[in-house]
Structure formats: structure tokens, C-alpha cells
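Okay, structure first, notes after.
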Amino acid sequence: MDTSSKENTQFFYKNSVQPVGRPSFKTEYSSSEEKQPCCGELKVFLGALSFVYFAKALAGGYLKSTITQIERRFDIPSSLVGVIDGSFEIGNLLVITFVSYFGAKLHRPKIIGAGCLIMGVGTLLIAMPQFFMEQYRYERYSPFSNSTLSSSPCLLESSNQLPISVMEKSQSKISNGCVQTVAIIGPIFGFLLGSLCAKLYVDIGFVNLDHITITPKDAQWVGAWWLGYLIAGIVSLLAAVPFWCLPKSLPRPQSREDSNSSSEKSKFITDDHTDYQTPHGEKAKMMEMARDFLPSLKNLFGNPVYFLYLCASTVQFNSLFGMVTYKPKYIEQQYGQSSSQANFVIGLINVPAVALGIFSGGIVMKKFRISVCGAAKLCLGSSVLGYLLFLSLFALGCENSDVAGLTVSYQGTKPVSSYERALFSDCNSRCKCSETTWEPMCGDNGITYASACLAGCQTSNRSGKNIIFHNCTCVEMAASPSGNSSGVVGRCQKDNGCPKMFLYFLIISVITSYTLSLGGIPGYILLLRCIKPQLKSFALGIYTLAVRVLAGIPAPVYFGVLIDTSCIKWGFKRCGSRGSCRLYDSNAFRHIYLGLTMILGIVSIFLSMAVLFILKKNYVSKHRSFITKRERTMVSTRLRKENCTASDHLLLQPSCWPGKETQL
């Protein structure tokens, strides 16, 4: 499904198999009549293929946008979410190699249609857990009264009773135009759809929204993640319909058969009738095709340029897949943005920058007619410049939120180290509080507390959805500027400099995305030019397989595992097992996320340099052999001329004629 649009279009465009004894298509119809059905069906194929690319990109982009929603809804860590994200690519491991090899010889439209049906059903299945699980329950403080004064959040413990936290601790161990363009538009709509669904409550239509006390800005908010999968699944099913109505192949128009064009397309995508045409009634022998599988694979991996470029691309896509997967989460945790806002800026700013970069790279290749070495240099240059710009993001982070007992002390005077972290203090020592509960409260002193109980709040009142806590001993102890000892539900906003840092991050991120994507088309052209024409489909299939299996599957997993190490407050499920992370160390998160992306990018740069070295070496050797051959030709020509001149003199001097000795 992800192989080049050129290849798909070319495969569909092969000459159809003619029955024995039956006149050809061209003898039955005139050339003017021939162009009508051919061009019409080709346009239908291109349109349907573009819609397929859009449907797949829509589902893929939406999946990335729901990472944090799924993590909160099912209370799972980032590492497990990475496994879920990577499993989206596991299907490629099973079929893509064989489809790319055998698909060129079978009914391609129906194969694509069957793939769309499977993709649509799979996308619908992702949303099914929502309808078989109980409603989402977030941690919240629920006063008994609907207005006025209620019971104290801080319930005093008796002398012979253990704190709740102690008890819980013991329980918890085609034509290049339209197809690629539409494929880029898909993620834009995917992230925008993710932004829209993130604003809707997860159980919308099943609960009374008036009883929901949290908003999309709350860290515990979960949007209607399942709704987008239903939409994407239906779109994928609709994309399969046109392919079941298309023929196996189309006859090539007369104008194309007689064309002597020497364009890139005609050079590298050529017809070989002996490979694909079979006599009437004879079925393709799968064993004969399978016999050439291993030799073809050996031929590909024996090509040093192809193998090194495959390694470089795989490492770079590890960097990019991991970065893109957790980018919404990074924006939320680092800059305090909501899920909806994070998905919106990615879909509206970052993805179009990638599309513009790919388009610009294609324009540069076409306008300046860049050679293979030039394409490798452009690909390498875009990576070097892109990762240099990416390096500046290390300086554009926000400091940790002030959370009592986790990032600052209860006095609010200094940061605390990992061994000094403790949610219990003198100000809440008499309260029966649970340290596993995460019901964040923002005090008037600008410090966030894990719960109103841990803040030592004595009373609370509620007006509508707003809950205000009063007489909080821990807030009073931290000496708030206003002198108040109250607080409200929710985390405190990050410092005033964070919105400015977020703006700078967006600017650098857009420029970096554009720069890195400039090398997309040059790298693709390099891939096509370094392999034999008859192996192009197979080579693209292997390339896609390697990228999906060696980058798409593992990258989200190990990125998630390392990101989990920066968590400083885990949530716990009702059964006592560990749930999703409630609070990350912003500095550690930034260094892990950006550092891992940077390291993988540097490795891919060195591999790209090796590709360029091999290309230059081959080019120089071929150039020298050409020069040597040319010099030999020139020397032989000069000798022939000298011999001819000498022979003219010999004709005038018979005594020196070479044939004399022979006659004697």
C-alpha cells in the first residue's frame, strides 16, 4: 500500500493479456476511440489510489494524535502505548514483501481493494474497547454538598489507625502529482480530527456532561479518542469500492508506445513483456516466481549503495518516528498545553511544513536536473542542517512545575532530589491522606499539591463545577504573596516565560521539519537510480518493509520506555498495579526525548556520508575508465593516422615497401 505511486500506476498500466487468436485491442478500435476508455479508467485508478493514500494517512496521523488519550483512558505507561503504536505496522511484516514481489504479476486493483477492506476493519476494531469497558472515572474530590460548606478534605486520623497510604502501599506491587500530495494531506486531517475529538469528553453520549467537573485543560481529561477511528475506518472501507470495478490492466495508448521520450520515468519504469505476459489460459506459476525471490533479494543487498541507504533511512526513520509519536505528549508536558492544542498546532503547522519541504525538494531536483551524487549531497545536507537546527531545541524548555513534595519542598524554598521526595509533611501529618491519589490542587502561593488533603485544606465549597478549598495549612506555610491559604482544583499554570518558549519551539520546529523533509525526494530518486529496473518494485517493497519493521515498530517502544524513566509521580489503578504517569520531570523528559532523536540523527548522517563516498568512488572509477578508454581510442586513432601517412611515403619508395620481404 505504501510503495511508490509511480510503481502502482505503472503496474496498472501494463498491456493486458490477449487471448490466442483474438485480434488485439488496437485492431478493434481506432486510436481516437482508444484514448477515451484508457484515460478514463486511468483517472479513476489514480483518483481511487489517492483516496487510499488519504485514508491510510488519515488513520496513521490520527493514531499519533491519540497517544496521550489512550494512555490516560486505559491508565497505561508510555512504553505500552509505544507497543500499541508499533503494532500498527506489524501487518506490513507479514505481507508487504510478498505483495511487492507477487503483486506485480497478479490482479493489482483487487489486491489494493482487499488491503483497504482489511485496513478499514482493523481501524474500526481499534475503537471497540470503548464500547465494552465501563465508563471513564477520573480521580476527583467530591464534596457532599452542591454549594455551601462541606466536609473537610483533611480527615483527622485516630491514634490507632494507619494512614491510608501505608495500606495502599502494601497492596500495590502515479503520476507524481496527486497521490503523494494527498498522502501528505491525510496526516493534516488526522491531527485536526484528533484535535476536535480531544475537545469532546470520552463518554460523550453515554453520560450527563453537566456532572463532569474537569475541562480539556485538566491533566486527567480524556477526549473521545474512539470517534476518530470510526470515521477513519469508514473512509478506508469506502476507498476499497472503486478497485473492485477496475480491470486487471490497461492497454498502453498508441501515443505512449510511439514516444521516444528519454525522461526519468521512461528510463527507470520500463515494460518487459516477457516477464508479465503469459499465453491465453495459462496461469502464473507461483513456484517459478518464488524461485527468483532469494536471488533477487541477494542482488539487492549486494548493492552497496542500496544497502547503505537502506541502513541510513532506517536509522533516520527511527529518529523521526519516535519524535513524531511523542511530540503531542512532549508539548503537553513541557509547555503545559492541552491535547487538543498540541494536535492542532502539529496538524496545522508542522505537517504542512513537511509537505512543503517534500514539494520543494522535488522542484529543486527537476529544475536543476541534479545527478545521483547531487541527490545524495542534497539529502545529506538537509539532514545535517536539520539536526543542527534541532539541537537548539534543548535550550527552549520550561522548568518543572512547582509541585509540593515532588519538585519543591512544602516550604517552596528549594528543589528536592529524588531521595528527598515525600508527599507527607508536618502540615498534613494529621490528615488521613493517600499518597497514591492524584487530585491536583493549585494553591494561592502558586504551588501545586497532589491533593487537597495533602495541602491540609480544612473546608471547601462548590459553586457549579468550581471547587474552592479554604484554610489549607500547607498553603499557609509556604507564605503565599496574597496571604491567603486557599486553592482551586487543577494544576497551576507554568511560569510566564513558558508561552514565549512554546512560540520559539514552534518556529524552530517548523523550520526543522521543512529542512529535514527537503531530502525526501532526492533520497527517493537516489533509491530508484541505484537499482536495476526489473527490481524496482521489489526494492521499494523491501525498503518499506525495513522502515516499517525496523523503525515503525521498535522506535515508539524504546522511546516510551526511556520517557517513562523521567516520571516522578505514577498513578495507581484500583487493583493496586501501577497506571499511567501523572507528572514528569520536565528537564529529564526534554533531554531524553531530544537527545535520543539527536543521537539517531547523527548516526544516520554518518551512514549517508558513506553512501555519498561509495557513489563518488564509483563515479570516479567509471570516469577514469571512460577517460582511459577515450585516451586509448585517441592513441589508436593517431597511430592509424601515422600509419596511413607512412604508407603514403612507402608507396613512393617501393624499396621500403613492407610487402617486399613477403615477396622475397
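Within region 366-409, the set of residues being assigned to a helix (DSSP H, G or I) and of a type in the set (Val, Ile, Thr) comprises Val372, Val384.
For Leu378, indicate whether it is out of contact with any Lys or Arg (no Cβ under 6 Å at 6 or more places or on another chain) and surrounded by fewer than 17 Cβ atoms within 10 Å (Cβ to Cβ).
On the way: out of contact with any Lys or Arg (no Cβ under 6 Å at 6 or more places or on another chain): yes; surrounded by fewer than 17 Cβ atoms within 10 Å (Cβ to Cβ): no.
So Leu378 does not fit the description; no.
Residue selection: Leu596 fails the criterion of being part of a helix (DSSP H, G or I), open to solvent by less than 70 Å² (accessible area, probe 1.4 Å), modelled with pLDDT under 95 and hydrophobic (A, V, I, L, M, F, W, C). Restricting to region 410-425, what's the tally of residues that are more than 40 Å from the chain's Cα centre (by Cα) and at pLDDT 85 or above? Of the residues in region 410-425, 3 are more than 40 Å from the chain's Cα centre (by Cα) and at pLDDT 85 or above. Suppose the filter is closer than 30 Å to Leu192 by Cα, modelled with pLDDT under 90, open to solvent by 50 Å² or more (accessible area, probe 1.4 Å) and assigned to a helix (DSSP H, G or I); does Phe359 pass it? So Phe359 fits the description; yes.
One line per residue, one yes/no per condition, for (1) basic (Lys, Arg); (2) open to solvent by 20 Å² or more (accessible area, probe 1.4 Å); (3) modelled with pLDDT of 90 or more; (4) out of contact with any Leu (no Cβ under 9 Å at 6 or more places or on another chain):
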residue: Asn445; (1), (2), (3), (4): no, yes, no, yes
residue: Ser463; (1), (2), (3), (4): no, yes, no, yes
residue: Met477; (1), (2), (3), (4): no, yes, no, yes
residue: Gly490; (1), (2), (3), (4): no, no, no, yes
residue: Lys494; (1), (2), (3), (4): yes, yes, no, yes
residue: Pro499; (1), (2), (3), (4): no, yes, no, yes
residue: Ile507; (1), (2), (3), (4): no, yes, yes, yes
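The listed residues are Leu308, Leu348, and the only one of them that is assigned to a helix (DSSP H, G or I), under 29 Å from Leu540 (Cα atoms) and open to solvent by 20 Å² or more (accessible area, probe 1.4 Å) turns out to be Leu308. Taking the criterion of being open to solvent by less than 30 Å² (accessible area, probe 1.4 Å) and in contact with a strand residue (DSSP E or B) (Cβ under 8 Å, 6 or more places away or on another chain), the residues of region 311-340 that qualify are Ser339, Ser340. The set of residues in region 539-554 being surrounded by fewer than 22 Cβ atoms within 10 Å (Cβ to Cβ) and touching a Phe, Trp or Tyr at 6+ places or on another chain (Cβ under 7 Å) consists of Val547 alone.
Residues of region 23-69 that are modelled with pLDDT of 80 or more and of a type in the set (Ser, Thr, Tyr): Ser50, Tyr53, Tyr62, Ser65, Thr66, Thr68. A single entry from Ala588, Ala539 fulfils the requirement of being of a type outside the set (Phe, Trp, Tyr) and more than 20 Å from Gln337 (Cα to Cα): Ala539. Checking the structure you have, find out if any residue of region 127-143 is closer than 30 Å to Pro242 by Cα, at pLDDT 85 or above, in a helix (DSSP H, G or I) and open to solvent by 80 Å² or more (accessible area, probe 1.4 Å). The answer is no; no qualifying residue exists. Scanning region 225-250 for residues that are over 9 Å from Gly120 (Cα atoms), in a helix (DSSP H, G or I) and open to solvent by 50 Å² or more (accessible area, probe 1.4 Å) yields Leu227, Ile231, Val241, Trp244, Cys245.
Check Ser371, Ser392, Ser401 and return the single one that is surrounded by 17 or more Cβ atoms within 10 Å (Cβ to Cβ) and of a type outside the set (Lys, Arg).
On the way: Ser371 fails: surrounded by 17 or more Cβ atoms within 10 Å (Cβ to Cβ); Ser392 fails: surrounded by 17 or more Cβ atoms within 10 Å (Cβ to Cβ).
Within the list Ser371, Ser392, Ser401, the selection yields Ser401.
For region 196-213, a residue qualifies if it is in contact with a strand residue (DSSP E or B) (Cβ under 8 Å, 6 or more places away or on another chain), surrounded by 13 or more Cβ atoms within 10 Å (Cβ to Cβ) and among the aliphatic types (A, V, I, L, M), and the qualifying residues are Ala198, Leu200, Val202, Val207, Ile212. Determine, yes or no, whether Ala395 is closer than 22 Å to Arg137 by Cα, under 37 Å from the mean Cα position of the chain (by Cα) and not hydroxyl-bearing (Ser, Thr, Tyr). Criteria not met by Ala395.
Selection of region 409-454 for residues being touching a Cys at 6+ places or on another chain (Cβ under 8 Å) and among the small types (Gly, Ala, Ser) yields Ser425, Ser434, Gly443, Gly446, Ser451, Ala452.
So which of Val95, Val121, Val81 ends up being among the β-branched types (Val, Ile, Thr), modelled with pLDDT under 75 and over 30 Å from Ala455 (Cα atoms)? Selected residue: Val95, the only one of Val95, Val121, Val81 that is among the β-branched types (Val, Ile, Thr), modelled with pLDDT under 75 and over 30 Å from Ala455 (Cα atoms).
The values are calculated or read from the model by the stated rules, or taken from the named source; none is laboratory data. Quick caveat: nothing in here was measured; it's all calculated off a predicted structure. In this analysis, Cβ positions are derived from the backbone assuming ideal geometry, glycine residues included, and neighbour counts consider all displayed protein chains. Heads up: the accessible areas ignore ligands, DNA and RNA and are worked out on the full protein's heavy atoms, side chains in. Shrake-Rupley method; radii C 1.70, N 1.55, O 1.52, S 1.80 Å.
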